[in-house]
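The structure appears right after this line, and notes come after that.
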Amino acid sequence: MSAGLRIRQAEPADVELIFSLIIELADYERARERVVGTPELLADSLFGPDPVAEAVIAEVDGETAGFALWFRTFSTWLCLPGLWLEDLYVSPRLRRGGVGRALLAHVAQVAVERGYGRVEWSALHWNALALDFYAALGAEIMDEWRVHRLEGDALARVAGDNT
């Protein structure tokens, strides 16, 4: 790990930076068209009156290297809160230098310090570099579980079933 690596808490002035990193991540994941949020929505989610997520920025020798963004979850089986790591992204030119490990270690430390029972995330099945990285850390792949999502019209339709 670089001696010049620093992980710092995101601040309101970082919203445009974080949003640009989200766009970079979406491009890498071949899903840029799915980013429909805005920096204003991100600012409200991170720093508004009722923040629902947290983020940190990784810097190497003063240069932005990546970020991690997470939110709190709850496990009924553990009867404890946990963290869902929504995004962990390291700029391609700075990968393999310990930045990703430092970001994940920071998120794990947050969970441990708060007494949370787990940190969870998802990774694309084709992202072998990420999958190998997570496996080397000891992360368990939950093959028996499938992520489900309701959004857009389907979300509205299901919500309408309750009226």
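For region 138-163, which residues satisfy the criterion of being of a type outside the set (D, E, K, R), loosely packed, with under 10 Cβ neighbours inside 10 Å and within 20 Å of residue 29 (Cα to Cα)?
147, 148
Can you pull out the residues in region 1-10 that are surrounded by 13 or more Cβ atoms within 10 Å (Cβ to Cβ) and either of a type outside the set (Ser, Thr, Tyr) or modelled with pLDDT of 95 or more (or both)?
The initial filter retains those residues of region 1-10 that are surrounded by 13 or more Cβ atoms within 10 Å (Cβ to Cβ), namely 2, 5-7, 10.
Scanning region 1-10 gives 5, 6, 7, 10.
Can you say whether residue 13 is out of contact with any strand residue (DSSP E or B) (no Cβ under 8 Å at 6 or more places or on another chain), outside any loop (DSSP other than H, G, I, E, B), of a type outside the set (Asp, Glu) and surrounded by 11 or more Cβ atoms within 10 Å (Cβ to Cβ), as far as the supplied structure shows?
Answer is no for this residue.
Kindly list the number of the only condition in (1) at pLDDT 95 or above; (2) farther than 19 Å from residue 118 by Cβ that fails for residue 96.
So the condition that residue 96 fails would be (1).
Run residue 87 past the list (1) within 18 Å of residue 129 (Cα to Cα); (2) out of contact with any strand residue (DSSP E or B) (no Cβ under 7 Å at 6 or more places or on another chain) and report the number of the one that doesn't hold.
Only one criterion is unmet by residue 87, namely (2).
If you scan region 18-36, which residues turn out to be in contact (Cβ under 8 Å) with a residue 12 or more places away in the chain and loosely packed, with under 13 Cβ neighbours inside 10 Å? Before you say what the answer is, go through the steps one by one.
Looking only at region 18-36, we keep the residues that are in contact (Cβ under 8 Å) with a residue 12 or more places away in the chain, and these are 18-19, 21-25, 28-29, 35.
The one that is in contact (Cβ under 8 Å) with a residue 12 or more places away in the chain and loosely packed, with under 13 Cβ neighbours inside 10 Å: 23.
For region 6-45, which positions are of a type in the set (Val, Ile, Thr) and over 15 Å from the mean Cα position of the chain (by Cα)?
Here is the first cut: in region 6-45, the residues of a type in the set (Val, Ile, Thr) are 7, 15, 18, 22-23, 35-36, 38.
Scanning region 6-45 gives 36, 38.
Please determine whether any residue of region 19-38 is in contact with a Pro (Cβ under 9 Å, 6 or more places away or on another chain), over 27 Å from residue 131 (Cα atoms) and not aliphatic (A, V, I, L, M).
No, region 19-38 contains no residue that is in contact with a Pro (Cβ under 9 Å, 6 or more places away or on another chain), over 27 Å from residue 131 (Cα atoms) and not aliphatic (A, V, I, L, M).
Being of a type outside the set (Gly, Ala, Ser) and either in contact with a helix residue (DSSP H, G or I) (Cβ under 6 Å, 6 or more places away or on another chain) or at pLDDT below 95 (or both) is the requirement here; does residue 44 meet it? Spell out how you get there, then give the answer.
Numbers: of a type outside the set (Gly, Ala, Ser): yes; either in contact with a helix residue (DSSP H, G or I) (Cβ under 6 Å, 6 or more places away or on another chain) or at pLDDT below 95 (or both): no.
When the stated conditions are applied, residue 44 does not pass them.
Every residue, every condition in (1) of a type in the set (Asp, Glu); (2) farther than 30 Å from residue 97 by Cβ; (3) free of Cβ contacts under 8 Å to residues at least 60 places away in the same chain, yes or no:
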| residue | (1), (2), (3) |
| --- | --- |
| 133 | no, no, yes |
| 146 | no, yes, yes |
| 153 | yes, yes, yes |
| 157 | no, yes, yes |
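The values are calculated or read from the model by the stated rules, or taken from the named source; none is laboratory data. A quick note: this is a predicted structure, and the numbers were derived from the prediction, not measured. Positions of Cβ are generated from backbone atoms using ideal geometry, with glycine treated the same way; all protein chains shown enter the neighbour counts.
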